[in-house]
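Here's the structure, in C-alpha cells; my notes come after.
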Amino acid sequence: MGTHSGHGRLGAGVTAGVAGLALAAWLSGRRAARGTASTEPVRAARACHRSSALLAGSVLADSAMEHERGAYANPAMYVPPLMAALVLLAGAHGGGDARPQRHRVRHAVYGGAMATGVAGTGFHLYNILKRPGRWSWHNLFHAAPLGAPMALLLAGGLGLAAERVRHGRTRVPRLLGRPAGQALGLLVGAGLLGTTGEAALLHFRGAFQHRAMVLPVSLPPLAAAALLHAAVAPPTRRPLARWLLRLVRLLGWLGMAFHTRGIARRQGGWRNWSQNLFAGPPLPAPPSFSALAVAGLAALRLREKRA
Amino acid sequence: MSADTRYRGYDVLDKRDTPSWDAVTRAVIDERLTAADHLPQVATGAAWRVLRALCTCIVPQPADRPAVPLAALLDRRLAANRGDGFRDARLPPLREAWRIGLDALDAESRHGHGRGFADLDDEARIDLLHRVQHGACADPAWRGMPPALFFSHRVLPDLLSAYYAHPQAWSEIGFGGPANPRGYVRMVANRRDPWEPVEARPGEEARAYRENRRVR
Amino acid sequence: MCADARERPRGAHGRAPDVFRRGGWVPMREYDDRDAVDFAIVGTGAGGATLACRLAELGFRVVAFDAGAWWRPLEEFASDEEHQAKLYWTDDRLCDGADPVRLGSNNSGKAVGGSTVHFAMVSLRFRPEWFKARSQLGYGADWPLDWREMWRYYARVERALRIAGPVRYPWGPHRGRYPYRAHELNEAALVLARGAEALGIRWTPTPLATLSAPRGPAHPCVYRGFCVSGCATNAKQSALVTWIPRALAAGAEIRDLAMVGRVAVDGADRATGVEYLREGRWRFQRARNVVVAGYAVETPRLLLLSATGRHPQGLANSSGLLGRYFTVHANQAVWGTMDDEIRSYKGPPSLAITEHWNYADEGKDFFGGYCYMSQGPLPVVWAVTQGGRGLWGKPLRAEMQKYNHQAGLKIVGETLPQADNRVTLADTKDAYGLPVARVTHAYCDNDRRLIAHSMDFMSRALAAAGARDLWRETDDTCHMAGTARMGDDPHCSVVDADCRSWDIRNLWICDGSVFPTVGGVNPSLTIQALALRTADRIAALAGRGEL
Ligand SMILES: Cc1cc2nc3c(=O)[nH]c(=O)nc-3n(C[C@H](O)[C@H](O)[C@H](O)COP(=O)(O)OP(=O)(O)OC[C@H]3O[C@@H](n4cnc5c(N)ncnc54)[C@H](O)[C@@H]3O)c2cc1C
Ligand code: SF4
C-alpha cells in the first residue's frame, strides 16, 4: 500500500474543485445564449444542461477532495472527478446551445456519468459493508458516502433529459413516454428528496448544532412536494411551487455561505484549510440544491406551457 | 537522520512554522532544544560522567547525527526538581535517588572492575546494568535503596521520558509531532496526511526519503 | 501569551479568565473572607465544579477553591506531553503496599477543572445492578441510591456536556439519544472492532466528552490526539470549559492557586469555614457549609489534616472508614504489532469500546466487570510503557521503531473495595508544610482473576484482528475512589446518600471518594451525576429548613 498524498496533489485537487464549482456557478446564472431565439423545449433543455453542470461541479469538487483524502487508493477513484468534469463541460456546451438537436458527444458523456454513478454507488456500498459495523449509522456517517455517486447519476440523468427534451419532434416534448415537463418534474422531485436525505444524514451527524441546519431538510422537501404535485396534477400555473423552487435555488448558495463560515469557525479557521476543508462542513455540497432547483423550474415551465 | 529509522528524511522541526504548531508549542520546544548548552547542576563531577555513560547504554544513539543531550535533559529536570506526583515509599525523593544511584553504579563498577562506570566498555556497562535491573548487586553505596526499584522507577522512566520528549526522537519513530491548530483528517490504516511522515517500506526508501523531505 | 498561570491567581479583582478567548476575561462575583458564604467548596474538578455550578444556579452563595492554576487552553496548552505535566498533581505522595499504585499523570490533576482538564473523556454510565452490587451480584457494597434516579441524572450530565455517542448504545436499559453523534473511528478503534466481531461480541464507538460538532465558542475536535495532555481546542468538555463558566455566570466565585489546609469545626460539630493558603498567606473563609471535593487522595488527606481534640482521627471519621477502601481501576493492556500503519496518535485515544464483560455474567471466575478500549499512546507514554516491560538499549530502540504499527486494548477493570487499601498521612511534608498522603494498595485474588481473564480475552481479540508479537502490560492502574464511601449506615460509611457527612452535618463530600464500589467503567460521568443529585438534594433540604 504505497499510496500517499502530498501537498501538491492536495492543492491541485482542491483548486480543480473550486474552479469547477465557480465555472458551474457562473454558467447556472448565465441567461443569454448563442444562436437564435429558442423555443420553450430548447430553453428548458438548456436549463437542464446548466443544472446538470452545476450538480457536476459540486460532484467534481467533492469527489476530487474526498478521493484525494482516500489517497486514490484504487485507480477507479479517478473516474468520478473525471466524469464530473466532462459533464461540467458538456453542460457548459449544452447550456449555450440553441439548436433543437441532440449532441452525440454530450449524450455519450451523460450516459457515461450515469454508469459511473451506478458503479460508484456499488463501490461505496461495498466500502460501507466491509467495515466493522457494516450497515450502521456510524458507517453511513463516516464511510464512503452513498449520496455522492448518486449525485453524479442525477447529473447524468438531467443531462440526458436535456438532450431528449431539445430533440423533441412533437410540439410537446416527451420524456420516457410522458410529457417532458412531467417526467422532468418527477426526476427532479426525486432528486431533491434524495439530496435532502443526504443533507439530513450529515446534519444529523452534526447534531443540528446550528439553527440554520434545519433549512435544507425542511424547505427542499416542501419544494419537492409542490413540484411532484405539479408534475402529476393537471397542468396549470403553479406560483407556490415556483417560489419554493426559487427559495431552494437561493438556499444552495446560502448554504455554501454558511459552510464557508462553518469552516472559519473551526480550530485554525481558513488558515488551517488543509484540515478544515475536509473535516469541516463540505463547501461544494449545498449548491446541488441550487442545481436541482434550476431544473425544477424548467420542468415547471414546461408543465405550465401545457396549461 | 540516521540509518536506524524507517523515516529517513523526516524532520518534525520542518513543521515548526506550519499550522501544526502554535505559539506556545514553539516556545516550549525551542526551550527544550537549548538543553545542549546546559551545564550540569545536580549531577556534577564524577556523577556527570556516570550519568552520560548510563545514558548511552539506556538509549544508544547513532553516530551519524548530533546526539540528543539526554544527560543534560535529565539534569535540568533534577535541577527543577520536577517530580511525578508519587513515589514508591522504598525510594528517596527524586534528586536523592539519582545521587545515590549514580554513586552506587560507580561504586559497583569499581568494586567489580576496578574502574569507574564511565571507563568501562559497552559490554561491561550493559552487563552491570542488567545486574542492577535484576537486583543482583549489594554495594553499601546503595544505602538501602533497592537497586532494581531504582532502575525500574527512576532510570528507565526518567531517561526514556526525557529522550522521547525530544523532537529528534519523534522524527525517528515517525510521530506526527505537535498538532494544533491542525490535527489530522485521514484516520484509517495506511493513510497519512501530507503533514505526516512517510514510512519507508522495503525497496521504497528513496521515494520515502524524497517525500519526507517535503513533509510540512 | 500572559504571565504563567501558576505565578499569581487569576480569579481576583472581580474578574476571571475567559477560557474561550485569548487573553480574555469575564466578570466574577467576589465574597469577603469574613462573609459566611453558603458553601465553601474545596476542589473544582468533576465533583466540585459541577456542584458549584448547580448550587450557584439554585441561588446559593458559593466560593470554590482549587490548589491548581486557571488556564486558558487556547493559548496555554502546548502540544507536548512533557510540558503539559503542569496539569498534574505532582506534589509528592508516598505509595506502598504489595502493589503500590503509580499516581501522577495517569491519576489526578491540579488545576481549575481538576482531573477533567486532562482526562480521556470516556463518559460511561454504571450498569444498573452495580448500585446494588452486594445484594444483586454478591460482592462489594450497595449504594444507597436507586439506579433509575441516577439514570435521569446521567442524562442531564450527558446533555450538559454534549456527549458524542453512538445512536444506539448496545448494553443496558434504554437511554435517550446522545446529544452529539459519535466521532469518526481511527484505525486503532477499528482494530478493536474487528477483534470484537471476530469473537462474536458487540462493540461501539465510545461515548466521549469531546465535541463532534461546534458548540457556541468551542471548536469541535481536530483529532490531534493530545487529550490527556490537555485539549488546546476546547473541544474537550472538561469542567474548566463547561461547569466553571456556568458557575461564574451564576455568581459563584472561584479561587485558583488556593490550597485548603484545614476545615475548621466548632464545639457543636459544625464546620465553620476553611483555612487556605493563597499568595503566600494563610487565610480563613467563613462558610455555613463546607464541601470537600479534592478526589480520593486529597479529600481524606484534608479531613485527616483537620483533626481536632473532639475529632482526633480526623473529621467525619467516627466510623473509622475515612481513607479506607481506597479503590482503583485495573488498567492492564495487551499490545501487538499490525502489518498496517495504524498511527494511533491520531484522534482521541479511546474511540472504540466493548462493555461486553460488564454486562455478561456467564463465563466468569471472578466478581465484577471490565470494559476495554482502543488506545493511542503518544511517544513519552509509549516509551515509558516499554520501560515498564524492562526494555532499554538496542531492544528498546527496535521496539520504538514499530510505534506506528502498534495497536492495543486496555481495560478499565473493577477491583474490589478492601478496607486495608487506604490513604493515611505520612511523616514527609509538602511544599505547603502539610504532611503528604501515603497510599497503600494491594490487589486481592479476585482482582488478579479479573485481570487474567481480561488479558486472555484481549489477547484473543487482538490476535483475531491480525496483531502479531503480542505482549502484556501488567501493572497499570487508573482512577481512584472509595476513601469516603457513602452508605445508609453511619457505622459503615462516611457520608449518606446525599453526600452529607454523618458526623458533621454541614460538611459534604462530593467527588470520586464517595463511591462504595467502582464498577468496570470510568468514573467521571457518575461523579458529575452524583453532584447534580447532591445539588438538588441540598436545595430540597434547604427548602425544608434542614440544612
Ligand atoms: C489521565 C487521566 C485520564 C482519565 N480519563 C478518564 C476518562 O476517560 N473518563 C472518566 O470518566 N474519567 C477519567 N479520568 C478520571 C477523572 O478525571 C476523575 O475521576 C475525576 O475528574 C475525579 O473528579 P473529582 O471531582 O473527584 O476530582 P478532580 O477532578 O481530580 O478534582 C479535584 C480538584 O481538587 C483540587 N484539590 C485537591 N485538594 C485540594 C485542596 N486541599 N485545596 C484546594 N484544592 C484541592 C485539585 O487541585 C483538583 O483540581 C481520568 C483521569 C486521568 C488523570
Ligand atoms: S483529539 Fe480532540 S479532544 Fe483530544 S485534544 Fe485533540 S481536539 Fe481535544
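The values are calculated or read from the model by the stated rules, or taken from the named source; none is laboratory data. As the structure is a prediction and not an experimental result, all values here were calculated from the model. Cβ: placed from backbone, ideal geometry, glycine included. Neighbour counts: every protein chain shown. With ligands, DNA and RNA removed, areas are computed over all heavy atoms of the protein, side chains included. Shrake-Rupley method; radii C 1.70, N 1.55, O 1.52, S 1.80 Å.
What the table shows:
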{"item": "Cα radius of gyration and Dmax for chain C (Å)", "result": "22.1, 70"}
{"item": "Carbon plus sulfur fraction of accessible area for the range C:94-242, probe 1.4 Å, in percent", "result": "48"}
{"item": "Solvent-accessible heavy-atom area per residue, rounded to whole Å², over the range A:68-209 at 1.4 Å", "result": "43"}
{"item": "Stretch in chain C that is longest and holds no GluC sites (Glu not before Pro) that DSSP places in a loop and that have at most 11 other beta carbons within 10 Å", "result": "C:8-278"}
{"item": "Mean projection area, nm², convex hull over Cα of the range C:418-533", "result": "11.0"}
{"item": "Where A meets B: accessible area buried, both sides, 1.4 Å probe, Å²", "result": "1700"}
{"item": "Built amide H within the under 5 Å cut-off of residue C:210, gap 5+", "result": "C:164, C:237"}
{"item": "Average accessible surface area per residue within chain B, 1.4 Å rolling probe, Å²", "result": "38"}
{"item": "Peptide-level mean, for B:201-209, of C-beta atoms on other protein chains within 10 Å", "result": "1"}
{"item": "The range A:175-307: relative contact order in percent, alpha carbon pairs under 8 Å with at least 6 residues between", "result": "36"}
{"item": "Where C meets B: accessible area buried, both sides, 1.4 Å probe, Å²", "result": "5000"}
{"item": "Rounded to whole Hz, the Karplus (6.51, -1.76, 1.60) HN-Hα couplings of the range B:161-171, x for glycine and proline", "result": "5, 5, 5, 7, 9, 9, x, 4, 5, 5, 4"}
{"item": "Share of carbon and sulfur in the accessible heavy-atom surface of chain A [1.4 Å probe, %]", "result": "67"}
{"item": "Relative contact order (%) - criterion: Cα under 8 Å, at least six apart; region: chain C", "result": "22"}
{"item": "Descending semi-axes in whole angstrom, ellipsoid equivalent of chain A, from the Cα gyration tensor", "result": "32, 21, 18"}
{"item": "Heavy-atom accessible area, 1.4 Å probe, ligands and nucleic acids excluded: residues of the range B:172-188 down by at least 50 Å² from chain alone", "result": "B:173, B:175, B:180, B:181, B:184, B:185, B:186, B:187, B:188"}
{"item": "Low-density loop positions, trypsin sites (Lys or Arg not before Pro), the range C:267-328 - DSSP coil, at most 12 other Cβ in 10 Å", "result": "C:310"}
{"item": "The range C:306-324 and the range C:372-407: distance between their alpha carbon centers, rounded to Å", "result": "44"}
{"item": "Angle in degrees between helix C:187-199 and the longest Cα principal axis of chain C, rounded to the nearest 10", "result": "70"}
{"item": "Linear extension gain, residue B:44 paired with residue B:79, 0.36 nm per residue minus alpha-carbon span", "result": "11.5 nm"}
{"item": "Per residue convex hull volume, Cα atoms of the protein assembly as shown, in Å³", "result": "174"}
{"item": "Chain-alone versus full-assembly comparison, the range C:89-128, residues with accessible loss of at least 40 Å² (1.4 Å probe)", "result": "C:90, C:92, C:94, C:95, C:102"}
{"item": "Cα radius of gyration and Dmax for the range A:175-307 (Å)", "result": "16.7, 55"}
{"item": "Three-way shape call for the range C:1-98 based on the alpha-carbon gyration tensor, with the a/c threshold at 1.5", "result": "oblate"}
{"item": "Integer Hz, Karplus 6.51/-1.76/1.60 couplings in order for the range C:148-161, x for Gly and Pro", "result": "5, 5, 4, 4, 5, 6, 4, 4, 5, 5, 4, 5, 4, 9"}
{"item": "Pairwise centroid distance, computed over Cα atoms, of the range C:159-238 with the range B:160-177, Å", "result": "28"}
{"item": "Distance (nanometres) between label positions extended 7 Å along Cα→Cβ at residue C:36 and residue C:149", "result": "2.9"}
{"item": "Estimated inter-spin distance, residue A:74 and residue B:209, nm [label 7 Å along Cα→Cβ]", "result": "3.5"}
{"item": "Principal-axis tilt of helix C:295-305 within chain C, Cα atoms, nearest 10 degrees", "result": "30"}
{"item": "Interface burial for C against A (accessible surface, 1.4 Å probe, total of both chains, Å², rounded to 100)", "result": "1900"}
{"item": "Over the range C:414-547, relative contact order from alpha-carbon pairs under 8 Å, at least 6 apart, %", "result": "19"}
{"item": "The range B:12-143 - percent of accessible surface contributed by carbon and sulfur, probe 1.4 Å", "result": "50"}
{"item": "Reduction of at least 10 Å² in accessible surface, 1.4 Å probe, comparing all protein chains with the chain by itself, residues of the range A:131-145", "result": "A:131, A:132, A:133, A:134, A:137, A:138, A:141, A:142"}
{"item": "Listed residue pairs exceeding 32 Å between alpha carbons, taken from C:110/C:364; A:130/C:394; C:86/C:402; C:236/C:394; C:86/C:429", "result": "C:110/C:364; A:130/C:394; C:236/C:394"}
{"item": "DSSP bridge pairs, the protein assembly as shown: antiparallel proportion in percent, nearest 5", "result": "70"}
{"item": "Expected-Rg normalisation [2.2 N^0.38 Å, Cα atoms] applied to chain B", "result": "1.17"}
{"item": "Solvent exposure of chain C as accessible area per residue, Å², 1.4 Å probe", "result": "30"}
